[in-house]
1. Considering Thr152, Thr177, Thr197, which residue is farther than 17 Å from Ser33 by Cβ, of a type in the set (Ser, Thr, Tyr) and modelled with pLDDT of 90 or more?
2. Can you pull out every residue in region 131-176 that is under 26 Å from Leu99 (Cβ atoms), touching a helix residue (DSSP H, G or I) at 6+ places or on another chain (Cβ under 7 Å) and hydroxyl-bearing (Ser, Thr, Tyr)?
3. Can you tell me how many residues in region 53-86 are of a type in the set (S, T, N, Q) and in contact (Cβ under 8 Å) with a residue 40 or more places away in the chain?
4. Can you find a residue that is in contact (Cβ under 8 Å) with a residue 24 or more places away in the chain and outside any helix (DSSP H, G or I) anywhere in region 109-129?
5. Can you say whether Leu50 is within 21 Å of Ala192 (Cβ to Cβ) and without any contact (Cβ under 8 Å) to a residue 60 or more places away in the chain, as far as the supplied structure shows?
6. Let me confirm something: among Ala232, Ala245, which residue is assigned to a helix (DSSP H, G or I) and at pLDDT below 50?
7. Looking at (1) within 30 Å of Asp92 (Cβ to Cβ); (2) of a type outside the set (Asp, Glu); (3) more than 16 Å from the chain's Cα centre (by Cα), which one does Leu133 not meet, given that it meets all the others?
8. Show the residue pairs that are 6+ apart or on different chains and have beta-carbon atoms under 7 Å apart, the first residue being within region 29-42 and among the charged types (D, E, K, R), the second being surrounded by fewer than 24 Cβ atoms within 10 Å (Cβ to Cβ) and assigned to a helix (DSSP H, G or I).
Amino acid sequence: MASEPPPDAPEQRRLLMLAQLLAVSGGLADAGSLLLAGSFTGHLTGNSVLLLVSLGHGDLRHAIFCLLALAMFVAGSAAGQLWPKRIGGGLDRFQPVLLLELLCMILPLGLALLLPPWHRPLLLAGLAFGNGLQNGALDRVAGVSVHGTYLTGMSSSLLSATLVKPDRAKRAILARTVGCFLLGALAAVPLASAFGTAGLLPVALPLLAALGVCRGRAGAPARPDDPAGVAATGRVDAMGETATASPWAGADPSPGR
């Protein structure tokens, strides 16, 4: 029986870049929605807690908004997991999902600017569905579980790769993705404070860059001293072993944290 062909090294480098761009988008959308609409749009745990707190305080309106964000995130995550598998392999499979995410985020934001009384449900529905799409579509890079919409799983894995089972390459991938998420969340604060809903329109920039990564050609090979690049490209290390695993192997069954 023929063995499985090795992963495409240049494609995995682009996959790592794609994950980092999506993390910037996810952090910006999640923090921005909390500031402007009082609910998260990138994970389930926070909104579940907010939903129960709202119900406990008798704030039915806020509870409905939290439930809306929860439902749209789960729906988007399911769509993100199913759609790429029907299109095929390679980074090209992410293009329709990214286009849909871009549309689902920017169109509701534009409508929210035109219809101020409806800005809250429009913002939550669009950003939550878009974040769910990317969460379901991309969850693994070089055998490392990554997510661009929440930090819980990645932070635990990062601690494990640092303190319990030291893994330099895995630690580098996780640290960069976590850093990109925090960068997006940090950017949301001045943008949302200064421009309101319009301040979240820059969420389109990392998504457009991600589309460019999917369409572009592979760049130069990773530097030997770059642990994240070595893991993503499958370059041979000093011991003669390839430090990579297929990014398509396995999937995180949970839609969010």
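1. Thr177
2. Ser145, Thr149
3. Step one: filter region 53-86 for residues of a type in the set (S, T, N, Q), giving 54, 77, 81.
From the residues that got through so far, the ones that are in contact (Cβ under 8 Å) with a residue 40 or more places away in the chain too are 77, 81.
Residues in region 53-86 being of a type in the set (S, T, N, Q) and in contact (Cβ under 8 Å) with a residue 40 or more places away in the chain: 2 in total.
4. no
5. Working: within 21 Å of Ala192 (Cβ to Cβ): yes; without any contact (Cβ under 8 Å) to a residue 60 or more places away in the chain: yes.
Against the criterion (within 21 Å of Ala192 (Cβ to Cβ) and without any contact (Cβ under 8 Å) to a residue 60 or more places away in the chain), Leu50 qualifies.
6. Details: Ala245 fails: assigned to a helix (DSSP H, G or I).
Just one listed residue meets the conditions, Ala232.
7. (3)
8. Here the result reads Asp30/Ala185, each pair linking region 29-42 to a residue that is surrounded by fewer than 24 Cβ atoms within 10 Å (Cβ to Cβ) and assigned to a helix (DSSP H, G or I).
The values are calculated or read from the model by the stated rules, or taken from the named source; none is laboratory data. Because the structure is a prediction, the values reported are computed rather than measured. Please note: Cβ atoms are built from the backbone with ideal geometry, for glycine as well, and neighbour counts cover all protein chains shown.
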